[in-house]
């Protein structure tokens, strides 16, 4: 038969026997040493009040002294360990009689770890609750059957939600559904969410009162298994109203701009017909040998020519603003173009006593531009430098080969200079700056038009000036190789506003396929083709396309080699590239993407996927440019 003493000695529960008369410990088992840090000999004779320090424990022994002993079951208390720290315990006190003496038998278990977990859980719960209540969004939690588990107060503030005793989400939403413009769409969306517990979805719903909610839903998981669904309700009514206002303002601005451009173009055209007669008869009168008629005819002819120039400038500016100006880009001999401009302005410079000179560079200078429009830009700058110069001044034209693969054409004058305040308005249309220049003929259009032309040709325009010293206006345009005899007269026409794509591919059928696909399904994209790596790199520098489709195997180089050369160039490094190849090995695709390609299209091309990829890359590139 097992002795009772053996049971208590090997019991993990600490057991203390206390004399209620003097509250002294008269016996204990070995588990008390583990719990309290005292030896059995140290505990015997020790007052229980030295061990039990919880407020509830103090009250208990006070009641024992006043009212007598009583039994308690599973109450929590606080014990002091010998080293001073406190221990949370769960204890039971039983009353026993032994040899005519009443004893209190205390059984205590350490629950400190459980208390710490409860505290951490309470803090976590409080933090989560504070987070949910502080968010501007409404939060709703349901189980997999659609029963509401929890929600925050914000939910009831932003949408029709009334908590009641019915836990069903579908019944709770009846009032909300009645206000939806698309009730059936919302119900189908809910059915989809609860049909697939793992799905994550986001949808937007509009109410009849014009409020708009963006509702996101994701699975609520425990140990990777779904146990419910979380809804986040965001009121985007003000955002949608702002978007609508912006769209309306944009449409009004576009309509006004189009109306202005159409009006200017129409009026400019209508003015040409009577002006033709005025200039014609003015020349007839000017040819009259009579001195008076000759002089009067000259005045009329000069005024008519000035008016014709104004009409031409207005028409050109309107064409650019309407997006209707197409350029013929080619490799232009810049020195020859400048010499032509100097010859055309020679008479004006002699009349003003201005010296014209050009300092040619030490190397050939070719730029990628529309030759006719470049001459128009240079004539504008040179004629301004002559008109706004001081008597017997000079105009010096220099060229610089810039590090960004561009040539800069500088037109330096010795005029009176332009103040900083006036410089800010120089390139605004119909704006002539400086009171001192009011006697000089001009329209205020030329510089604005020149700036827009430079931008269309992937270039820039700028100026610097110093009062009483002079001004320097410059045009910067992409450098180009000298045209070879075989393609000396080849030009590239770029439609204004179109997004340009350069396809570097040696296979003729592949070229035709991409060209036909984009021409039929994406008419707003303009495609240019290069057959070799060398031709493709050169065309990329000249065209500055919005996207490059790059085949990975070309006769004179690999796609990787071409891509790396494009990235080394300051101008072409920003152009997004899509790789095309018949190689579909995962490691090849991964290598291309790691290198920096935006995407990888495998041959044979899936048309829908290719179009989707091209659209996405162009859209992202357009956002970066703006």
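Inter-label distance, residue 143 to residue 624: 5.1 nm, where each label sits 7 Å from its Cα along the C-beta direction. Compute the separation of the alpha-carbon centres of region 590-622 and region 87-159 and state it in Å as a whole number. Each part reduced to its Cα centre gives a spacing of 54 Å. Label separation (residue 469 vs residue 184): 7.6 nm, computed from points 7 Å beyond Cα along the C-beta direction.
Relative contact order of region 47-187, taken over Cα pairs closer than 8 Å and 6 or more residues apart, is 11 percent.
In summary, the convex hull built on the alpha carbon positions of region 327-478 has an orientation-averaged projected area of 8.6 nm².
I need the calculated FRET efficiency for the pair residue 232 and residue 58, taking r as the beta carbon distance and R₀ as 56 Å, to the nearest 0.05. It comes out at approximately 0.65. Sorted on the mean count of surrounding Cβ atoms within 10 Å across their residues, most packed first, peptides 327-334, 278-285 read 327-334, 278-285. By how many degrees, between 0 and 90 and to the nearest 10, does the Cα long axis of helix 237-286 differ from the longest principal axis of the chain? The angle comes out at about 0 degrees. With respect to the chain, whose longest principal axis is taken over its alpha-carbon atoms, helix 55-67 is tilted by about 20°.
Centroid-to-centroid, using Cα positions, region 519-543 and region 1-79 are 92 Å apart. Semi-axis lengths, largest first, of the ellipsoid equivalent to the chain are 89, 31, 29 Å, with √(5λ) applied to each eigenvalue of the Cα gyration tensor.
Among beta bridges from DSSP that stay inside region 498-625, the antiparallel ones total about 10%.
Counting pairs of alpha carbon atoms under 8 Å apart in space and at least six apart in sequence, what relative contact order in percent does the chain give? Relative contact order comes out at 6 percent.
Take 121-130, 41-50, 583-592 and order them by the average number of nearby Cβ atoms within 10 Å per residue, most first; the result is 41-50, 583-592, 121-130.
How big is Rg to Rh over region 135-235, alpha-carbon atoms, Rh as the Kirkwood inverse-mean-distance radius? With Rh from the inverse mean 1/r over Cα pairs, Rg/Rh is 0.93. Translational D (Stokes-Einstein, µm²/s) of region 1-158 at 25 °C and 0.890 mPa s when Rh comes from the Kirkwood sum over C-alpha pairs? Translational diffusion coefficient: 131 µm²/s. How far, in degrees from 0 to 90, does helix 334-344 lean away from the longest principal axis of the Cα atoms of the chain, to the nearest 10? Once rounded, one gets 50 degrees. Each peptide in 237-248, 594-605 gets a packing score, the mean of other Cβ atoms within 10 Å over its residues, and the list from highest to lowest is 594-605, 237-248.
Helical runs (DSSP H, four residues minimum) scored at -39500 (n - 2.57) apiece and divided by the length of the chain put the mean residue ellipticity at 222 nm at -14000 deg cm²/dmol. Projection of the Cα convex hull of region 544-626, averaged over all directions and equal to a quarter of that hull's surface, yields 5.7 nm². Extension gain for residue 509-residue 294 works out to 70.7 nm (0.36 nm per residue, less the C-alpha to C-alpha distance).
Computed from the coordinates by the stated procedures, all read-outs in this text should not be read as laboratory data. These numbers come from a predicted model, not from an experiment. Glycine also receives a Cβ, built like all others from the backbone with ideal geometry; neighbour counts cover every protein chain displayed.
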